[in-house]
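What follows is one structure encoded as structure tokens, with my remarks underneath.
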Amino acid sequence: MNEEKMNQLIHAVQDALSEEMRDKYSDQVIRCWLEPTRMGKIDRPDGFACVKRDCGDQMEFSLMVKDDRITDVRFQTDGCINAVAAGNSGAELAMGKTVSEAMIITGQDILNVLGGLPEESLHCAEHTVETLRQALRNYLEYKDIPWRYDH
């Protein structure tokens with residue numbers, strides 16, 4: 001979808017929302033929800049994690065790493081608009097970074113990219129960071145084991 005059509009769709013969604021709801025969601029949150037660029041799953045990833053939170057939302061991160069740099073990262077979630085937006089933003093932030101750089105991404109970094117989230121959904125950014133870090137730890141734990149590269 002081209003940029004102009006995406007902006008039209010974002011504004012149409014915002015127009016359809018009540019005034020109170022419009023104030024809660026930034027253009028970037030709506031954009032990430034409508035057209036997440038990093039949603040999906042990697043077959044045979046170098047690192048993987050699945051974390052289910054008390055709220056019931058589940059998030060998965062899968063990633064590929066070459067020469068200590070993240071070459072692909074994908075997420076999936078069964079959560080709300082905020083979980084999708086946070087997951088996508090976290091994956092975008094991690095893409096191209098070294099494992100060490102990605103490990104220090106924070107929930108605040110995600111909130112900054114999104115222009116914030118509603119107060120009751122701030123945990124979505126932390127859920128993203130927790131899941132990303134677990135996927136990175138999974139990579140670090142198993143990266144030197146030969147069976148990981150039997151493909």
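Tabulated data for the structure shown
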| item | result |
| --- | --- |
| Entries of LYS52/LYS97; LYS5/LYS97; LYS41/LYS97; LYS41/LYS66 with Cα pairs more than 23 Å apart | LYS52/LYS97; LYS5/LYS97 |
| Helix-only mean residue ellipticity at 222 nm for the chain, each DSSP H run of n ≥ 4 adding -39500 (n - 2.57), per residue, nearest 500 | -15000 deg cm²/dmol |
| Relative packing of 83-90, 124-131, which averages over residues the other C-beta atoms within 10 Å, highest first | 83-90, 124-131 |
| Dipole-positive endmost among ALA125, GLY56, ILE105 within the stretch 34-151 (Cβ charges, Cα centre) | ILE105 |
| Acute angle (nearest 10 degrees) that the helix 123-142 long axis makes with the longest principal axis of the chain, alpha-carbon atoms | 10 degrees |
| Relative contact order %, the chain, counting alpha carbon pairs below 8 Å whose residues are six or more apart | 24 percent |
| Volume per residue that the Cα convex hull of the chain spans, once the total is divided by residue count, Å³ | 113 Å³ |
| Helix 3-16 vs. the chain, principal-axis angle (Cα, 0 to 90°, nearest 10) | 60 degrees |
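Every number in this text was worked out from the coordinates using simple rules, so none of it is lab data. Computed from a prediction, not measured in an experiment: that's the story for all the values here. Note that each Cβ is placed from the backbone with ideal geometry, even for glycine, and that neighbours are counted across all protein chains shown.
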